[in-house]
């Protein structure tokens, strides 16, 4: 009898677990039918998975285009997954054999994708006339179709410009409507705009070449350097122009005081915040991209109407002779399950009205050469004409489709940080060039071996 | 005899069947990945294209890779300083927390709590705390720095130091912590002491395990205070110290999250650690072959250090 009673607790526990399990099976959580991005047909529609990297208002703009597509037909449903660092995740998913159907990428990793044959050529879109070479400015076409084969489609392009704070210009006795045209003028104006406190601390800087440090590896472009030779596939890191650029770069901590500058910069807030050094008046001039206008409108409305945008000064003083361009792009990774459906989606995305909708909502310029009047009318970026004009600027350079780009950029950044710390510019960049040359020799040797390993 | 051996054979089979989930798991998740990574370490491999055999090139190239050598040096430095420092700090805390006190459990909880926090959250909080401009640490350090700097500059004047030295001392400022290449490593080492809670708990368990009669005997012999600690507590704790030392060495060679979130390896490469560079080479530069070679070098270094620790343990670890 006592034995029977002793069994009761375990029986009750077993029954309770069974009831709980049954409840979970019947009423428990299950994936939303549309969120099952496994490619099976759901509610009669094929699910195409799309991994993209935008957040906030930029993501909402992309969702707007996706919603347009999902409403436009009843056979395909695009499921958007917003994520950080989609490049690494996509590469791993391709290696693992389970990539998305469409992925977002930009110029820097393009070379790695190309070298590893990781993207499906979009030749059908060219053959069917959806896109053609003449649809885009030359530099955008080169980005999307390295070596002539279209691998990606452009989504939102960006070029850089000088943003200057007119209030601080007027306060320093400078003409608020006359930005610098040459690097020399930039230096002179920056000196007048820099303000020190009684304790010797920097209160306001005219300009800082490391704020933000997103283009540190590209500074030589504005000094006339051709960073990459497309014919010889050679990275030019220690040319006289590059040395001049980084001598200029290294002059800033010398002029302002290395430790004073560190202390001053440690007070800067995040880029996308009201404490952005340009937005809260700590730095009077910055180099930024098209999208920055939207961030100013979002985080510091008081600055609206009190800042200007102009081509960034060059060493020669001739505007539009140099710029750095990049572009968010869409591609279909190798191993995608629904290539045909993904092509249809991309063909929809690249339609003029959709691409203009996306860029207008993101305050950016269109990657297409053909622009509607509506685009200019609807775009709330007051400098959209300037940015759109810059799209066809002859001096735009971009990251080449070379798998070494990420490594080379890291090496230049490291060299830049050394010269910022006081090391010799010529010796540091000579060393960086030697390193890159050696990697390139190794890479070419491997290329040749890979060719030999290819089945005939 | 034959019946016995049959039973044994059958029992062995049953035993193997029960152990099979573990055996299959180890084979799938350890043996095969390890073997593959060893093979890839001799290949040029990007994960997306078939590996190309390059012999020992990945290993020889490491010797001329400045970033690799810097990460190796940084990790060695971190390990050499942080492991003994963490051991000493944890031991000291454990001694304090072992002292009879009404609030002892509260103090123990306070010391243990930081090790429960995710490392990323800890890193983000400390990054703000150590901000030279807005961080509370430098805010509170300003006054002592000014005060100490004043005294030191007077002493320097008395010793006829150069005007530059006197000026530097007079304007002594709190460090720039993570923004300064000279201070960044020190900051990471100091912050690694923040999460010593688990080591402290192990030391506390060890302290509880020291037989009271040994203390009584020592007291009868007139040993108190430092002598009691030196000749009773420390020898009895050597197995615990050894355990913490081995775990500390392994953990120090795997440090990743804290510097990755706080400095991303910078300024320059001042805080680039081994695991960070391995991750960068493998998953950002797609040099998986080189990353595999680095992982094997790391494994060999850890094995070597652990072997040395075990070999030396024979001389200083006392088991009861």
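The values are calculated or read from the model by the stated rules, or taken from the named source; none is laboratory data. Treat the numbers as computed from the prediction; the structure is a model and nothing was measured. Heads up, the Cβs are rebuilt from the backbone with ideal geometry, glycines too, and the neighbour counts pull from every protein chain shown.
Checking the range A:253-266 against the condition returns a match, with at least one residue being under 26 Å from the mean Cα position of the chain (by Cα) and more than 30 Å from residue A:393 (Cβ to Cβ). Taking the condition in contact (Cβ under 8 Å) with a residue 24 or more places away in the chain, over 30 Å from residue B:71 (Cβ atoms) and either buried (at least 19 other Cβ atoms within 10 Å of the Cβ) or over 19 Å from the mean Cα position of the chain (by Cα) (or both), does residue B:232 pass? No; evaluated as a whole, the condition is false for this residue. Residues in the range A:111-146 that are assigned to a helix (DSSP H, G or I) and touching a strand residue (DSSP E or B) at 6+ places or on another chain (Cβ under 7 Å): A:113, A:139, A:140, A:143, A:144. Summed over the range B:267-290, the residues that are assigned to a helix (DSSP H, G or I), more than 16 Å from the chain's Cα centre (by Cα) and farther than 21 Å from residue A:86 by Cα give a count of 2. Looking only at the range B:121-136, residues that are within 27 Å of residue B:256 (Cβ to Cβ), touching a helix residue (DSSP H, G or I) at 6+ places or on another chain (Cβ under 7 Å) and either within 13 Å of chain A (Cβ to nearest Cβ) or not in a helix (DSSP H, G or I) (or both) come to 6 in all. Of the listed requirements (1) away from chain B (no Cβ under 14 Å); (2) assigned to a helix (DSSP H, G or I); (3) farther than 23 Å from residue A:321 by Cβ, residue A:262 misses just one: (1). Residue B:264 meets each of the listed conditions (1) surrounded by fewer than 14 Cβ atoms within 10 Å (Cβ to Cβ); (2) within 19 Å of the chain's Cα centre (by Cα); (3) at pLDDT 90 or above apart from (3). Restricting A:348, A:375, A:387 to residues that are at pLDDT 95 or above and either surrounded by 21 or more Cβ atoms within 10 Å (Cβ to Cβ) or more than 22 Å from the chain's Cα centre (by Cα) (or both) narrows the list to A:348. Here is a check on your reading of the model: is residue B:270 closer than 17 Å to residue B:41 by Cβ and buried (at least 18 other Cβ atoms within 10 Å of the Cβ)? Considered against the rule, which asks whether it is closer than 17 Å to residue B:41 by Cβ and buried (at least 18 other Cβ atoms within 10 Å of the Cβ), residue B:270 comes out as no. Checked against (1) in contact with a helix residue (DSSP H, G or I) (Cβ under 6 Å, 6 or more places away or on another chain); (2) more than 14 Å from chain B (Cβ to nearest Cβ); (3) under 25 Å from residue B:46 (Cα atoms), residue A:76 passes all but a single condition, namely (3). Being over 30 Å from residue B:121 (Cα atoms) and within 14 Å of chain A (Cβ to nearest Cβ) holds for only one residue in B:270, B:290, B:219, and it is B:290. Only residues that are within 14 Å of chain B (Cβ to nearest Cβ) and free of Cβ contacts under 8 Å to residues at least 24 places away in the same chain were counted in the range A:293-336, giving 0.
Listed here are the helices (runs of 4 or more DSSP H) enclosed by the range B:137-222 that have at least 1 residues being free of Cβ contacts under 8 Å to residues at least 60 places away in the same chain and in the same structural domain as residue B:266 (by TED's automatic domain parsing): B:181-192, B:197-208, B:212-220.
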